[in-house]
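Remarks on the structure that follows.
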Amino acid sequence: MRNVRVIARLDIKNNNLIKGIHLEGLRKLGKPYDFAKKYFQSGVDEIIYMDSVASLYNRNSLNNIIEETSKNIFIPITVGGGIRSIDDANNILRSGADKIAINTGAVKNPKLLEDLSNRFGSSTIVLSVEAKKKYDGTWEAYTNNGREKTGLNVVEWCIEAEKLGVGEILLTSVDNEGTCNGFDYELTQSVSKKTFIPIIASGGMGQLSHFEKVVKLSNCDGVAIANMLHYSKTTIYEIKSYSIKCDINIRA
Amino acid sequence: MKEIAIVDYNLGNITSIRRALSFLGYKSIITNNPEIILKSEKVILPGVGAFPTAMSYLKKYDLIEAINETVKKGNDILGICLGMQLLMQFSNEFERTKGLSLIEGDVISINDILDDNIKLPCIGWYKLNKTKDNTLLKNIKKDQWFYFVHSYMVNCRNENDVIADYSVNDISITAIVKKNNITGLQFHPENSGIEGLKFFTNFCKS
């Protein structure tokens with residue numbers, strides 16, 4: 001069986017770690033690097049930095065944070081927000097990121113996914129999907145922190161992105177994000193069933209049992225956690241000890 | 001010690017490797033200049049990317065000769081992930097492509113050897129199984145976890161070249177190869193926490 005990754009997700013606005021509900025109503029929590037370092041020292045498997053306003057303003061301001069992080073934190077760092085071109089991606093990788101996550105840029109120009117995968121390798125490219133459930137039970141992909149509709153069906157979009165060469169999907173439920181009510185298990189299941197690349201479930205974890213449920217029900221490969229870690233409602237150690245008790249394969 | 005040359009072939013996370021070396025106090029230079037590579041006693045062939053693209057880049061910038069010369073002179077070379085796979089004779093990634101042929105064997109898809117296909121790339125932290133005694137593993141505790149991300153794997157012809165492996169679905173996947181002054185790591189020591197950094201220390205000190 002696969003080994004599941006515990007991933008700390010840090011959403012960033014103007015150099016601050018922020019946290020909202022449904023990706024909106026943002027609160028400042030502190031310096032992203034300080035949080036990342038704490039998680040690294042306590043054994044987190046991976047870090048995701050998401051610049052939450054980069055897409056709106058067509059810029060990426062994360063370089064300094066990435067640099068500081070990669071000087072002292074030796075686990076994979078994925079960075080997303082505002083990546084529109086090969087040059088943007090190269091810039092972020094040269095700052096010290098290991099993978100890049102892309103949403104708006106890919107929706108506007110799906111071929112970019114192919115170009116990025118060819119240039120940097122599939123395993124460097126993560127498709128970031130912000131999913132909202134529709135009345136008919138399907139999900140629509142959004143951009144700009146769940147604000148803008150794309151008209152894309154999430155499952156179909158993920159299948160297409162896999163064909164274009166992405167190596168991984170960060171799947172965020174906008175409906176559940178920040179609510180602490182649990183993941184959108186159906187969403188994660190639906191994408192996982194139709195794709196053959198690793199899926200990271202994101203949005204909604206409020207208790208340890210949610211972690212177990214999403215891993216066991218949806219066959220996801222990683223779980224992104226924000227709220228519970230940033231507000232110290234749990235620790236990496238607690239999550240991992242719990243997972244081992246539940247027979248989930250995990251790096252202890 | 002002289003600067004360590006990190007061969008730049010225009011692909012993935014090269015800066016991470018440089019930062020890891022500098023954290024340990026080693027100077028390095030990211031370069032695609034064959035002359036700098038030839039002058040370096042330690043050469044790192046990093047790697048996240050596709051095999052054919054990487055080989056054609058190495059060819060275009062006259063880096064294949066520089067790497068061969070490095071090995072012939074007895075200088076140490078360390079291939080990481082794709083960099084390790086490039087050391088082999090052939091790869092089946094996309095199309096059958098000739099590699100650097102410094103170690104006998106080829107590169108195949110992980111799913112070529114599994115009965116039940118797994119999701120690729122295989123991404124995650126795994127423990128090494130069998131490890132032969134080697135200076136490369138000095139001070140590295142048994143039972144440590146290392147970060148892997150790959151879809152293709154090395155298939156060595158000569159069992160003696162394999163220093164360690166790891167398991168996915170009970171299938172053995174080569175994790176470390178070593179032949180004289182040539183070393184390859186399938187996992188990413190730069191992404192494998194403090195324990196991973198020890199591989200760089202051992203490589204730099206050897």
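Nothing in this text is a laboratory measurement; each read-out follows from the coordinates by a stated rule. Just so we're clear, the structure is a prediction, and the values are computed from it rather than from any experiment. For neighbour counting, all protein chains shown are included, and Cβ atoms are generated from backbone atoms with ideal geometry for every residue, glycine included.
Odds and ends about this structure:
- Against the compact-protein benchmark of 2.2 N^0.38 Å, the Cα-based radius of gyration of the protein assembly as shown scales to 0.93.
- Net charge dipole size for chain B [Lys, Arg +1 and Asp, Glu -1 on Cβ; Debye, nearest 20]: 720
- Most mobile of B:F51, B:F23, B:F90 in a GNM of chain B (Cα contacts under 10 Å): B:F23
- Shape of chain A, Cα gyration tensor, a/c cut at 1.5: rounded
- Inter-site label distance for B:D8 and A:N63 at 7 Å from Cα along Cβ, in nm: 1.5
- Distance-filtered residues of the stretch B:169-186 - backbone nitrogen under 19 Å, label point 7 angstrom along B:Q89 Cα→Cβ: B:174, B:177-180, B:182-184
- Considering only B:L137, B:L86, B:L78, the mean-square fluctuation computed in a Gaussian network model of chain B, springs between alpha carbons under 10 angstrom, is largest for B:L137.
- A:T138-A:I159 FRET efficiency (beta carbon distance; Förster radius 22 Å; 0.05 resolution): 0.95
- Within the same chain, lysines fewer than 8 places from A:K133 are excluded, and of the rest, those with a Cα less than 20 Å from its Cα are A:K149, A:K193, A:K194, A:K213.
- With the charge dipole of chain A set up from +1 on Lys and Arg Cβ and -1 on Asp and Glu Cβ about the Cα centre, the Cα lying farthest toward the positive end among the listed residues A:L208, A:N249, A:S123 is that of A:L208.
- For the stretch B:76-123, GluC sites (Glu not before Pro) meeting the loop criterion (DSSP other than H, G, I, E, B) and having at most 11 other Cβ atoms within 10 Å: B:E95.
- Among B:C156, B:C81, B:C122, residue whose mean-square fluctuation peaks in a GNM of chain B (springs only between Cα atoms under 10 Å): B:C122
- Loop sites in the stretch A:78-167: chymotrypsin sites (Phe, Trp or Tyr not before Pro), DSSP, at most 15 other Cβ within 10 Å: A:Y135
- Counted charge near B:L58, where neighbours are those whose Cβ lies closer than 14 Å (Asp, Glu -1; Lys, Arg +1): -1
- If you wrap the stretch A:148-205 in the convex hull of its Cα atoms and look at it from every side, the mean projected area works out to 4.0 nm².
- Summary value for chain A: 19 percent relative contact order, contacts being C-alpha pairs under 8 angstrom separated by 6+ residues.
- Environment charge at A:G121 (Cβ cut-off 14 Å; Lys +1, Arg +1, Asp -1, Glu -1): -3
- Cα-based Rg of chain B normalised by 2.2 N^0.38 Å, two decimals: 0.94
- A compact globular protein would have a Cα radius of gyration near 2.2 N^0.38 Å; the ratio found for the stretch A:162-242 is 1.07.
- Projecting label points 7 angstrom from Cα along Cα→Cβ for B:D115 and B:I30 puts them 4.5 nm apart.
- Inter-centroid distance (Cα atoms) of the stretch A:123-156 relative to the stretch A:228-252, Å: 28
- Charge context of A:C246, other residues only, Cβ under 13 angstrom, K/R +1, D/E -1: +1
- Distance in nm between pseudo-label sites at A:F196 and B:R96 (7 Å out along the Cβ direction from Cα): 2.2
- Every helix of 4 or more DSSP H residues in chain A counts as -39500 (n - 2.57), and over all residues that averages to -10500 deg cm²/dmol at 222 nm.
- Anisotropy class of the stretch A:1-128 from Cα gyration tensor, a/c 1.5 cut: oblate
- Per-residue 3J(HN,Hα) values for the stretch A:246-251, derived from phi via the Karplus relation 6.51 cos²θ - 1.76 cosθ + 1.60 with θ = phi - 60°, read 8, 6, 8, 6, 8, 6 Hz in sequence order (x marks Gly and Pro).
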